[in-house]
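So the structure is just underneath, and the comments pick up after that.
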Amino acid sequence: MANRYFVETPIVGDRATLTTAEAHHLAHVMRAKPGVEVVLFDGSGCEFAARVDKVGRSEIELTVLERKIVDRELAVELTLATALPKGDRQRWLIEKAVELGVRHFVPLETERGVAQPSGGALDRLRRSVIEASKQCGRNRLMQVSEPTDLSNLLPQVESADNAAVLRWFAHPGGGPLSVATQALAKTPAAVLIAVGPEGGFSDAEVQHARDRDWQLVGLGRRILRVETAALMLAACSSPAPKERTITLT
(Lines give C-alpha, C1' and ligand atoms only; values in the text may rest on other atoms or scores of the structure.)
Protein backbone atom coordinates (compact mmCIF):
# COMPACT_ATOMS: atom_id res chain seq x y z
CA MET A 1 0.00 0.00 0.00
CA ALA A 2 1.68 3.19 -1.21
CA ASN A 3 1.81 6.52 0.63
CA ARG A 4 1.29 5.07 4.12
CA TYR A 5 3.25 6.72 6.91
CA PHE A 6 3.57 5.93 10.62
CA VAL A 7 3.06 8.68 13.19
CA GLU A 8 4.83 7.91 16.46
CA THR A 9 2.44 9.84 18.70
CA PRO A 10 -1.35 9.24 18.83
CA ILE A 11 -3.23 11.38 16.32
CA VAL A 12 -5.82 13.54 18.06
CA GLY A 13 -7.97 16.12 16.36
CA ASP A 14 -7.36 17.38 12.84
CA ARG A 15 -3.57 17.91 12.97
CA ALA A 16 -0.67 15.48 12.65
CA THR A 17 3.11 15.78 12.40
CA LEU A 18 5.58 13.42 10.76
CA THR A 19 9.13 13.37 12.13
CA THR A 20 12.35 11.33 11.92
CA ALA A 21 12.66 8.72 9.15
CA GLU A 22 9.04 9.04 8.04
CA ALA A 23 9.36 12.78 7.43
CA HIS A 24 12.64 12.26 5.60
CA HIS A 25 11.13 9.62 3.31
CA LEU A 26 8.07 11.69 2.43
CA ALA A 27 10.03 14.93 1.92
CA HIS A 28 13.27 13.76 0.31
CA VAL A 29 12.42 10.45 -1.34
CA MET A 30 8.82 11.07 -2.39
CA ARG A 31 9.43 14.82 -2.90
CA ALA A 32 6.08 15.68 -1.34
CA LYS A 33 4.74 19.20 -1.70
CA PRO A 34 1.90 20.98 0.13
CA GLY A 35 -1.44 19.66 -1.09
CA VAL A 36 -0.33 16.04 -1.51
CA GLU A 37 -2.65 13.53 0.19
CA VAL A 38 -1.32 10.50 2.10
CA VAL A 39 -2.54 7.87 4.57
CA LEU A 40 -1.33 7.92 8.18
CA PHE A 41 -1.55 5.35 10.94
CA ASP A 42 -0.46 5.55 14.58
CA GLY A 43 -0.75 1.94 15.79
CA SER A 44 -4.18 2.49 17.32
CA GLY A 45 -6.06 0.55 14.63
CA CYS A 46 -7.11 3.63 12.70
CA GLU A 47 -6.18 4.99 9.29
CA PHE A 48 -6.16 8.72 8.62
CA ALA A 49 -6.50 10.41 5.24
CA ALA A 50 -4.33 13.51 5.49
CA ARG A 51 -3.07 16.41 3.39
CA VAL A 52 0.45 17.84 3.56
CA ASP A 53 0.37 21.48 4.68
CA LYS A 54 4.01 22.33 5.35
CA VAL A 55 7.27 20.55 4.53
CA GLY A 56 10.06 21.48 6.92
CA ARG A 57 13.67 20.34 7.24
CA SER A 58 12.95 17.73 9.89
CA GLU A 59 9.16 17.48 10.11
CA ILE A 60 6.02 17.63 8.01
CA GLU A 61 2.76 19.15 9.16
CA LEU A 62 -0.52 17.68 7.88
CA THR A 63 -4.27 18.21 8.15
CA VAL A 64 -6.33 15.13 8.95
CA LEU A 65 -9.20 14.83 6.49
CA GLU A 66 -10.81 11.55 7.57
CA ARG A 67 -10.43 8.95 10.32
CA LYS A 68 -11.38 5.29 9.87
CA ILE A 69 -11.10 2.19 12.03
CA VAL A 70 -9.69 -0.41 9.63
CA ASP A 71 -9.25 -3.81 11.28
CA ARG A 72 -6.99 -6.24 9.42
CA GLU A 73 -6.01 -8.32 12.46
CA LEU A 74 -6.38 -12.07 12.95
CA ALA A 75 -9.29 -13.56 14.84
CA VAL A 76 -6.85 -15.12 17.34
CA GLU A 77 -4.00 -13.59 19.31
CA LEU A 78 -0.89 -15.13 17.78
CA THR A 79 2.44 -15.07 19.62
CA LEU A 80 5.62 -16.29 17.96
CA ALA A 81 8.52 -17.07 20.31
CA THR A 82 11.55 -17.82 18.17
CA ALA A 83 15.30 -18.12 18.46
CA LEU A 84 16.64 -15.48 16.10
CA PRO A 85 18.43 -16.58 12.91
CA LYS A 86 21.60 -14.86 11.76
CA GLY A 87 21.99 -11.55 9.95
CA ASP A 88 19.44 -10.27 7.46
CA ARG A 89 17.25 -13.34 8.02
CA GLN A 90 16.07 -11.65 11.24
CA ARG A 91 14.59 -8.72 9.33
CA TRP A 92 13.00 -11.07 6.80
CA LEU A 93 11.43 -13.12 9.60
CA ILE A 94 9.98 -10.02 11.24
CA GLU A 95 8.65 -8.70 7.93
CA LYS A 96 6.80 -11.92 7.12
CA ALA A 97 5.53 -12.35 10.67
CA VAL A 98 3.92 -8.91 10.40
CA GLU A 99 2.35 -9.83 7.07
CA LEU A 100 0.94 -13.06 8.54
CA GLY A 101 -0.71 -11.21 11.42
CA VAL A 102 1.50 -12.23 14.36
CA ARG A 103 0.48 -10.10 17.36
CA HIS A 104 3.54 -10.60 19.58
CA PHE A 105 7.08 -11.62 18.69
CA VAL A 106 9.33 -12.91 21.47
CA PRO A 107 13.07 -13.43 20.77
CA LEU A 108 13.97 -16.69 22.51
CA GLU A 109 17.26 -17.20 24.31
CA THR A 110 18.08 -20.90 24.00
CA GLU A 111 20.95 -23.17 24.92
CA ARG A 112 22.04 -23.61 21.31
CA GLY A 113 21.15 -20.17 20.02
CA VAL A 114 23.85 -18.32 18.05
CA ALA A 115 22.21 -14.91 17.49
CA GLN A 116 21.52 -13.32 20.86
CA PRO A 117 19.52 -10.08 20.45
CA SER A 118 20.98 -6.85 21.82
CA GLY A 119 19.33 -3.49 22.43
CA GLY A 120 20.39 -2.14 19.03
CA ALA A 121 19.19 -5.27 17.27
CA LEU A 122 15.79 -5.01 18.92
CA ASP A 123 15.47 -1.38 17.80
CA ARG A 124 16.18 -2.46 14.22
CA LEU A 125 13.60 -5.23 14.45
CA ARG A 126 10.97 -2.80 15.72
CA ARG A 127 11.75 -0.46 12.83
CA SER A 128 11.24 -3.40 10.48
CA VAL A 129 7.80 -3.89 12.04
CA ILE A 130 6.83 -0.35 11.04
CA GLU A 131 8.12 -0.77 7.49
CA ALA A 132 6.27 -4.07 7.06
CA SER A 133 3.07 -2.61 8.51
CA LYS A 134 3.22 0.28 6.06
CA GLN A 135 3.50 -2.17 3.17
CA CYS A 136 0.89 -4.74 4.17
CA GLY A 137 -1.76 -2.39 5.56
CA ARG A 138 -1.79 -3.36 9.24
CA ASN A 139 -2.84 -0.52 11.52
CA ARG A 140 -1.65 -2.16 14.75
CA LEU A 141 2.03 -2.83 15.25
CA MET A 142 3.30 -6.29 16.10
CA GLN A 143 4.92 -6.03 19.51
CA VAL A 144 8.56 -7.17 19.77
CA SER A 145 9.20 -8.21 23.37
CA GLU A 146 12.42 -8.25 25.33
CA PRO A 147 14.32 -11.53 24.95
CA THR A 148 13.46 -14.34 27.34
CA ASP A 149 14.24 -18.01 27.79
CA LEU A 150 11.86 -20.94 27.99
CA SER A 151 11.94 -21.09 31.77
CA ASN A 152 10.45 -17.59 31.89
CA LEU A 153 8.21 -17.96 28.84
CA LEU A 154 6.45 -21.16 29.88
CA PRO A 155 5.19 -19.99 33.29
CA GLN A 156 3.61 -16.97 31.58
CA VAL A 157 1.62 -19.29 29.36
CA GLU A 158 0.66 -21.55 32.25
CA SER A 159 -1.13 -18.62 33.87
CA ALA A 160 -3.45 -18.34 30.88
CA ASP A 161 -6.65 -20.30 30.34
CA ASN A 162 -5.22 -23.49 28.87
CA ALA A 163 -8.55 -24.43 27.31
CA ALA A 164 -8.46 -21.28 25.20
CA VAL A 165 -4.76 -21.26 24.28
CA LEU A 166 -2.99 -23.58 21.84
CA ARG A 167 0.72 -24.05 22.58
CA TRP A 168 2.84 -25.49 19.78
CA PHE A 169 6.46 -26.47 20.37
CA ALA A 170 8.38 -27.18 17.15
CA HIS A 171 10.31 -30.44 17.52
CA PRO A 172 11.27 -33.20 15.05
CA GLY A 173 9.87 -35.84 17.40
CA GLY A 174 6.47 -34.16 17.66
CA GLY A 175 3.18 -35.19 16.14
CA PRO A 176 2.10 -34.22 12.60
CA LEU A 177 1.13 -30.61 11.96
CA SER A 178 -2.07 -31.87 10.31
CA VAL A 179 -3.16 -33.29 13.68
CA ALA A 180 -2.17 -30.15 15.61
CA THR A 181 -4.23 -27.90 13.34
CA GLN A 182 -7.43 -29.86 14.03
CA ALA A 183 -7.71 -27.99 17.33
CA LEU A 184 -8.13 -24.75 15.39
CA ALA A 185 -11.70 -25.80 14.56
CA LYS A 186 -12.62 -24.83 18.13
CA THR A 187 -11.37 -21.26 17.47
CA PRO A 188 -8.91 -20.77 20.31
CA ALA A 189 -8.53 -17.33 21.84
CA ALA A 190 -4.77 -17.45 21.36
CA VAL A 191 -1.99 -19.50 19.82
CA LEU A 192 1.60 -19.50 21.09
CA ILE A 193 4.36 -21.02 18.97
CA ALA A 194 7.89 -21.80 20.15
CA VAL A 195 10.66 -22.44 17.60
CA GLY A 196 14.25 -23.24 18.51
CA PRO A 197 17.61 -22.31 16.92
CA GLU A 198 19.35 -23.97 13.99
CA GLY A 199 20.58 -26.81 16.22
CA GLY A 200 17.12 -27.32 17.69
CA PHE A 201 16.02 -27.21 21.30
CA SER A 202 18.19 -29.11 23.77
CA ASP A 203 16.91 -32.29 25.42
CA ALA A 204 16.42 -30.34 28.64
CA GLU A 205 14.34 -27.67 26.89
CA VAL A 206 12.18 -30.29 25.17
CA GLN A 207 11.60 -32.05 28.48
CA HIS A 208 10.75 -28.72 30.07
CA ALA A 209 8.03 -28.25 27.43
CA ARG A 210 6.74 -31.81 27.84
CA ASP A 211 6.45 -31.32 31.61
CA ARG A 212 4.25 -28.28 30.99
CA ASP A 213 1.95 -29.96 28.48
CA TRP A 214 3.01 -28.14 25.35
CA GLN A 215 2.02 -29.89 22.15
CA LEU A 216 5.16 -31.00 20.32
CA VAL A 217 4.71 -30.50 16.59
CA GLY A 218 6.86 -32.01 13.85
CA LEU A 219 7.29 -30.36 10.45
CA GLY A 220 8.11 -33.32 8.24
CA ARG A 221 11.28 -35.11 7.19
CA ARG A 222 13.17 -32.15 5.79
CA ILE A 223 15.32 -29.88 7.94
CA LEU A 224 13.88 -26.35 7.90
CA ARG A 225 15.63 -23.12 8.73
CA VAL A 226 14.42 -21.27 11.82
CA GLU A 227 12.49 -18.65 9.87
CA THR A 228 10.89 -21.24 7.58
CA ALA A 229 9.64 -23.32 10.51
CA ALA A 230 8.38 -20.26 12.38
CA LEU A 231 6.46 -18.85 9.43
CA MET A 232 5.08 -22.23 8.42
CA LEU A 233 3.55 -22.67 11.88
CA ALA A 234 2.32 -19.07 11.97
CA ALA A 235 0.64 -19.44 8.59
CA CYS A 236 -1.12 -22.64 9.68
CA SER A 237 -2.30 -21.31 13.03
CA SER A 238 -5.15 -19.03 12.01
CA PRO A 239 -7.54 -18.29 9.14
CA ALA A 240 -7.06 -15.12 7.14
CA PRO A 241 -8.48 -11.95 8.72
CA LYS A 242 -11.72 -10.36 7.59
CA GLU A 243 -11.26 -6.67 7.03
CA ARG A 244 -13.61 -4.37 8.95
CA THR A 245 -13.83 -0.65 8.20
CA ILE A 246 -15.72 1.98 10.21
CA THR A 247 -15.62 5.62 9.14
CA LEU A 248 -15.58 8.04 12.08
CA THR A 249 -16.80 11.62 11.87
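The values are calculated or read from the model by the stated rules, or taken from the named source; none is laboratory data. Keep in mind it's a predicted model, so treat the numbers as computed, not measured. Every residue, glycine as well, gets a Cβ built from its backbone with ideal geometry; the counts of neighbours run over all protein chains shown. SASA here: full protein model, heavy atoms, side chains in, ligands and nucleic acids out. Shrake-Rupley method; radii C 1.70, N 1.55, O 1.52, S 1.80 Å.
Observations on the structure shown:
- Among the residues of region 192-215, those that are surrounded by fewer than 19 Cβ atoms within 10 Å (Cβ to Cβ) and either more than 20 Å from Lys86 (Cβ to Cβ) or touching a Cys at 6+ places or on another chain (Cβ under 8 Å) (or both) comprise Asp203, Ala204, Gln207, His208, Arg210, Asp211, Arg212, Asp213, Gln215.
- Region 174-232: number of residues that are over 23 Å from Ala115 (Cα atoms), hydrophobic (A, V, I, L, M, F, W, C), in contact with a Leu (Cβ under 8 Å, 6 or more places away or on another chain) and assigned to a strand (DSSP E or B): 3
- Scan of region 18-57 for residues that are open to solvent by 60 Å² or more (accessible area, probe 1.4 Å) and in a strand (DSSP E or B), ordered by number: Glu37, Arg51, Lys54
- For Ser133, the conditions (1) of a type outside the set (A, V, I, L, M, F, W, C); (2) part of a helix (DSSP H, G or I); (3) within 16 Å of Glu205 (Cβ to Cβ) all hold with the exception of (3).
- Residues (open to solvent by 10 Å² or more (accessible area, probe 1.4 Å) and either under 9 Å from the mean Cα position of the chain (by Cα) or closer than 21 Å to Val7 by Cα (or both)) located in region 93-119: Glu95, Lys96, Glu99, Leu100, Arg103, His104
- Residue count, region 138-165 (criterion: modelled with pLDDT of 90 or more and closer than 30 Å to Ile69 by Cβ): 9
- Boolean, Arg244 is at pLDDT below 90, open to solvent by 50 Å² or more (accessible area, probe 1.4 Å) and touching a helix residue (DSSP H, G or I) at 6+ places or on another chain (Cβ under 7 Å): no
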